[in-house]
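A short write-up of the structure that comes next.
The values are calculated or read from the model by the stated rules, or taken from the named source; none is laboratory data. Computed from a predicted structure; not experimentally measured. Positions of Cβ are backbone-derived with ideal geometry, glycine not excepted, and every protein chain shown enters the neighbour counts.
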Amino acid sequence: MQGFAIAALLGLAWLGPAPPASAQQATEEAAVRKPLEAYLQGHATGDARYMRQAFLPTAHVEGIRDGRFLSRTADEYIAGFKGSPAPDEAQRRRSIDQVDVNGDAAMARVTLAYPSGSFTDYFVLLKVDGEWKIANKVWSRNPAPASP
């Protein structure tokens, strides 16, 4: 029995150690960030191709504008990107603030800081056919504070 245990341990050692969970998690988190980075690039350039890379075709984008609920399909949302950056692009800042991955599902929070205010975007992402995509987005707008 002792010989079997030693052989089993040697067999596992021969296969090599599995990568640590933290390394696997870091690799998956980097993959989740790819569609988020495409999304940010789409905002920076106004190029709809980046948005198409980021979103699942079935995604929805929802939020509150002027006190009213707004819901758009991915196609409707992407149609707003006309291929050129905003006139105040040099003053805009964007960041991926948080990513949480669990299996084939993830969530993320992104901040878009503009001169007129900021947006907080919350994303649900799915790994479909080995590739991460944004499945849905909700957002909240925070107006810039009034100047004294």
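See the values below:
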read-out: Selected residue (criterion: surrounded by the most Cβ atoms within 10 Å (Cβ to Cβ)) from residues of the stretch 27-76 that are of a type in the set (Val, Ile, Thr) and farther than 24 Å from residue 104 by Cα; value: 45
read-out: Test: residue in the stretch 54-66 that is touching a Gly at 6+ places or on another chain (Cβ under 8 Å), at pLDDT 95 or above and under 25 Å from residue 30 (Cα atoms); value: yes
read-out: Close pairs (6 angstrom Cβ cut-off, 6 or more residues apart or separate chains): touching a residue at least 12 places away in the same chain (Cβ under 8 Å) in the stretch 113-125, of a type in the set (Phe, Trp, Tyr) anywhere; value: 119/139; 121/139; 125/132
read-out: Residues of the stretch 67-79 satisfying the condition of being modelled with pLDDT of 95 or more and in a loop (DSSP other than H, G, I, E, B); value: 79
read-out: Some residue of the stretch 87-98 being in a helix (DSSP H, G or I), farther than 30 Å from residue 27 by Cβ and in contact with a strand residue (DSSP E or B) (Cβ under 9 Å, 6 or more places away or on another chain); value: yes
read-out: Selection status of residue 19, over 30 Å from residue 118 (Cα atoms) and modelled with pLDDT of 50 or more; value: yes
read-out: Any hit, the stretch 123-140, residues being farther than 18 Å from residue 41 by Cα, part of a strand (DSSP E or B) and at pLDDT below 95; value: no
read-out: Answer from 67, 130, 117, 83 - the residue that is at positive phi and within 18 Å of the chain's Cα centre (by Cα); value: 130
read-out: Hits in the stretch 95-111 (condition: within 12 Å of residue 36 (Cα to Cα) and either buried (at least 17 other Cβ atoms within 10 Å of the Cβ) or more than 11 Å from the chain's Cα centre (by Cα) (or both)); value: 96, 99, 106, 108, 110, 111
read-out: Residue 24 vs. criteria crowded, with 16+ Cβ neighbours inside 10 Å, free of Cβ contacts under 8 Å to residues at least 12 places away in the same chain and not β-branched (Val, Ile, Thr); value: no
